[in-house]
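The next block holds one structure in the form of structure tokens; read it before the comments.
The values are calculated or read from the model by the stated rules, or taken from the named source; none is laboratory data. Remember, it's a predicted structure, so these values are computed and weren't measured experimentally. So basically every Cβ, Gly included, is an ideal-geometry build from the backbone, and we count neighbours across all protein chains shown.
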Amino acid sequence: MKTEEDLINKSALRQQAEKRLKEKHKADEDLSRLTPHELRTLAHELGVHQIELEMQNEQLREAQEELQKARDKYCDLFDFAPVGYFTISEKGTIQEVNLTGASMLEVERGLLIGQPFTHFIAKGDQDVFYLHRQRVLEAETQQSCELRLVKKEGHEFFVHLDCIVMESSDADFKNIRTAIIDITERKQAEAAREELQSELLQAQKMKSIGTLAGGIAHEVNNLLEVIVGNTELAMDDVPEGNPAQHNLKEVRKACLRAREVVRKILTFSRRTEVALKPTKIGPVITESIKLLRSSIPATIDLHVHVRAASDTVLADATQINQILINLCMNSARAMVEKGGILEVRLEDLELDEDAVKKYENLEPGKYVLLTVSDTGPGIAPDLISRIFEPYFTTKGLSEGAGMGLAVVLGIVKNHGGAVSVQSEPGKGTTFGVILPETQEQAAPEDLRSDDVPVGTERILFIDDEQALANMGRQMLERLGYDVVAKTGSIEALTLLKTQPDRFDLVITDVTMPGMTGDRLTQELMRIRPDIPVILCTEYSERVSKENAEAMGIRAYVMKPFVKKDLAAKVREVLDKKK
């Protein structure tokens, strides 16, 4: 049934229609009263109004086209900008995003709308974004931060966020307009720069260690020279059958071993060109093990098996020593808590065409295999590929810089070899060093006669340490020479100026105050160009064997020296002069 309200509405609508019809009839009656001229005038005005409307419509269409072009241009700029643009609601959901932003996350744009923005933030940076959003909403000014986002496949990348509050159609809520820039390359460059800076600092530290080692070597070698020299003088004074003779020989032997230890430390710390020569590495390994035994905890059993039939390789003995020490100490540290077995083996190895495919730059042939095995906890599979990286370490700062294995790999490659590693968690680790065998013969050891050469020539002996000067004088005098000892370079130079023909030979230390030994030599040769000079030192970056010979120095010996070595060198130089 129709309600009363419906009837009232229909009645009012009918009344309005009848009223408009009466007004139309009236207008028609008014037009009928117009004269032809008035009708023509009216038609003209209507035509003008029609043209005006058409022109306005044309302008409106052009404006709409311009507006559409501007809108399309804005959309292109918005979608294809190099920056990701997001509109994020106050609650954290994505309201709007451009194509660049969707491409960054590798998600279709339509699937991003309505998603919480935090779904695409790395777990470790969720709190960073939360605090950043709070600052933006409270300050209502542009705020910036850096964090990591996560792509669809789970890959993380670094971004820089610029955020600002924008007006929303709903006055009760605020939207955040966010611009996102991918800064992954910048972060990688910063990391690379930090790594290079770390390497530079490490290089500077190693240089400082080398300098410190030189200073220590000078002091230690001076002490060793005093001990060795005076021990030998005492051995001359004690009858052969006296029990003290045996004790003095043991003191001398210990000092000579200490001399070799110092020389090895110096070799490790100095930057020198490595000269590879035929070397039997079996004896090198045996000697290195003697040095290692005192450094390995008593809870670790050390087993050594040198079974190579031919152990001659083109190598630097000191660097082979360094390889063994680094590998053994690395294994020992792995077993320091629970103990275990450390095994060193040297054996023959022959690689055929199939076997060499496992190694880089090796060719089929005969090799020497040095293996170092331990029964420690082993290495996790995901770390094996990284253990040879410089500065990579799983230990604390006090336990090493992570350079040991990187040094081993570098040395082995320089020797034309390869390094292998086999490890399984809980079952220990085995490192293998493969070095190519050589057919060249290693130089025979210098076998010297027990006879000590003597002479009667006149010698000027110079050393800034009084004890060394006295010891050198006594040692040479017992060999029959006429010796004057001086402790100052200037004093010695003055003596030779006043008596240029008094001496047949000058022996001088390098490191001395006032005037170094190399400068003193140059001044002496200005006075007497024919004067033979023996330069002796324990360590010096100023003078090497090569540039000493270039200065005209006849011989170059390392301190501390024993009487037999000094006697042989003195006789050799004096006989050449004759």
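Just one residue in the set 146, 199, 190, 195 is surrounded by 11 or more Cβ atoms within 10 Å (Cβ to Cβ) and touching a strand residue (DSSP E or B) at 6+ places or on another chain (Cβ under 6 Å); that residue is 146.
Cβ separations smaller than 8 Å between residues 6+ apart or across chains give the following pairs from the range 471-483 residues that are surrounded by fewer than 17 Cβ atoms within 10 Å (Cβ to Cβ) to residues that are assigned to a loop (DSSP other than H, G, I, E, B): 480/454; 480/455; 480/456; 482/456; 482/457. A single entry from 482, 463, 501, 509 fulfils the requirement of being among the charged types (D, E, K, R), at negative phi and in contact with a Cys (Cβ under 7 Å, 6 or more places away or on another chain): 509. Given the structure, is residue 442 within 49 Å of the chain's Cα centre (by Cα), at pLDDT below 90 and part of a helix (DSSP H, G or I)? Against the criterion (within 49 Å of the chain's Cα centre (by Cα), at pLDDT below 90 and part of a helix (DSSP H, G or I)), residue 442 does not qualify.
Can we say residue 205 is assigned by TED's automatic domain parsing to the domain that holds residue 128 and not in a strand (DSSP E or B)? Criteria not met by residue 205. Would you be able to say whether some residue in the range 95-102 is closer than 19 Å to residue 167 by Cα, of a type outside the set (Val, Ile, Thr) and part of a strand (DSSP E or B)? Yes, some residue in the range 95-102 is closer than 19 Å to residue 167 by Cα, of a type outside the set (Val, Ile, Thr) and part of a strand (DSSP E or B). With respect to the conditions (1) in a helix (DSSP H, G or I); (2) at pLDDT below 80; (3) assigned by TED's automatic domain parsing to the domain that holds residue 347, residue 288 lacks only one, and its number is (2). All of 383, 362, 447, 370 fail the test of being in a loop (DSSP other than H, G, I, E, B) and either surrounded by fewer than 17 Cβ atoms within 10 Å (Cβ to Cβ) or at pLDDT 90 or above (or both), apart from 447. Tell me the residue from 107, 128 that is aliphatic (A, V, I, L, M) and part of a helix (DSSP H, G or I), please. On inspection, the qualifying residue turns out to be 128. Count of the range 471-524 residues, restricted to those that are among the polar types (S, T, N, Q), modelled with pLDDT under 90 and in a loop (DSSP other than H, G, I, E, B), is 2.
The condition (being at pLDDT 85 or above, over 30 Å from residue 139 (Cα atoms) and among the aliphatic types (A, V, I, L, M)) is satisfied by just one residue among 217, 234: 234. Residue check: is residue 412 out of contact with any His (no Cβ under 6 Å at 6 or more places or on another chain) and at pLDDT below 90? So residue 412 passes the test. Looking across the range 337-350, the residues that are touching a residue at least 40 places away in the same chain (Cβ under 8 Å) and in a strand (DSSP E or B) come down to 340, 341, 342, 343, 344, 345, 346, 347, 348, 349. Restricting the first member to the range 231-243 and to residues that are at negative phi and free of Cβ contacts under 8 Å to residues at least 24 places away in the same chain, and the second to residues that are in a loop (DSSP other than H, G, I, E, B) and surrounded by fewer than 16 Cβ atoms within 10 Å (Cβ to Cβ), no beta-carbon pair is closer than 7 Å while six or more apart or on different chains.
Being of a type in the set (A, V, I, L, M), farther than 17 Å from residue 87 by Cβ and outside any loop (DSSP other than H, G, I, E, B) is the requirement here; does residue 147 meet it? Considered against the rule, which asks whether it is of a type in the set (A, V, I, L, M), farther than 17 Å from residue 87 by Cβ and outside any loop (DSSP other than H, G, I, E, B), residue 147 comes out as yes. The conditions of being of a type outside the set (A, V, I, L, M, F, W, C), modelled with pLDDT under 85 and closer than 26 Å to residue 350 by Cα are not met by residue 269.
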